[in-house]
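Peer 1: Please find one structure pasted underneath; my questions will follow.
The values are calculated or read from the model by the stated rules, or taken from the named source; none is laboratory data. Everything numeric in this text was worked out from a predicted model, so none of it was measured. Reconstructed Cβ throughout: ideal geometry from the backbone, glycine too, with neighbour counts over all protein chains shown. Ligands, DNA and RNA are excluded from the accessible area calculation, which covers all protein heavy atoms including side chains. Shrake-Rupley method; radii C 1.70, N 1.55, O 1.52, S 1.80 Å.
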Amino acid sequence: MKYRWGLFVWVALILFCHSLFAQGQKQRQPSLAELKTMPGRTVAESHRATPETPMKLKGYRVEKLAFPPMSARVEGATVQVSEVWRITTFFDKPLTVRNAAFSVVLDGKWCGFLAESPDLLSAHAICFNSSLVREGAALGVTYRGVHIKSPQEPSALTGPVAGADAALEAQGEAIHYFSAKISLRR
């Protein structure tokens, strides 16, 4: 009888812990690293045979990532987002890595920090601001300085992409725009 009671307690404890773990997994938000590798649906892309701009910009791809709503800071406010954009830019020759932040810009507004690929022929960023990814938006890249202002309230995601407000500094490196505007696929 003692054996059965002990077994019952252990089984109940295991089931309770499993249910807590499962709830925690459902509520866990993806990290930035997970967002960068998550499968996405390509909604816009353009590639040129001849590179453009002094940075030798050759093309871009915009992918829409969808998952359960999560909290992120967008333009100074904490909002629920259910779609996130992964923007990849392509270059004709390897990038020269600098000690300044490399950013993607849509219509003159900062969208996210670009992370260079190991071969330096592409870079990608995660953008939480859906209002920037729209039909006809001009996509550019820059090493222009970015002013980060810490949030007043904690954000669900940490780091400069989602956890702070960012604005491009007025002076500094030029923004190199790709000639093909974003054309969203339906």
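Peer 1: Select from GLY145, PRO118, PHE102 the residue farthest towards the positive end of the dipole of the range 84-152; place +1 on Cβ of Lys and Arg, -1 on Cβ of Asp and Glu, and compute about the Cα centre.
Peer 2: Selected residue: GLY145.
Peer 1: Grab the other residues whose beta carbon is less than 12 angstrom from that of LEU106, score K and R as +1, D and E as -1, and report the net.
Peer 2: Numbers: positive: LYS109, ARG134, LYS181; negative: ASP107, GLU135.
Spelling it out: positives minus negatives among the neighbours equals +1.
Peer 1: Once you've got the Cα coordinates, tell me which of LYS58/LYS181; LYS36/LYS56; LYS58/LYS93; LYS36/LYS109; LYS36/LYS64; LYS36/LYS181 are over 19 Å apart.
Peer 2: Details: LYS58/LYS181 13 Å; LYS36/LYS56 23 Å; LYS58/LYS93 9 Å; LYS36/LYS109 21 Å; LYS36/LYS64 11 Å; LYS36/LYS181 23 Å.
Listed pairs above 19 Å: LYS36/LYS56; LYS36/LYS109; LYS36/LYS181.
Peer 1: Using heavy-atom solvent-accessible surface (probe 1.4 Å) with all chains present, what is the largest-first order of THR42, THR89?
Peer 2: Working: THR42 40, THR89 0 Å².
Greatest to least solvent exposure: THR42, THR89.
Peer 1: Expressed as a rounded percentage, what relative contact order does the range 84-138 have, with Cα pairs under 8 Å and six or more residues apart? Could the numbers behind the result be given before it?
Peer 2: Working: 91 pairs, mean separation 23.4, N = 55.
It comes to 43 percent, rounded to a whole number.
Peer 1: Place a point 7 Å from Cα of ALA138 in the direction of its Cβ. Which residues in the range 93-121 have their backbone N less than 19 Å from it?
Peer 2: Residues 103-112 qualify, since their backbone N sits under 19 Å from the label point.
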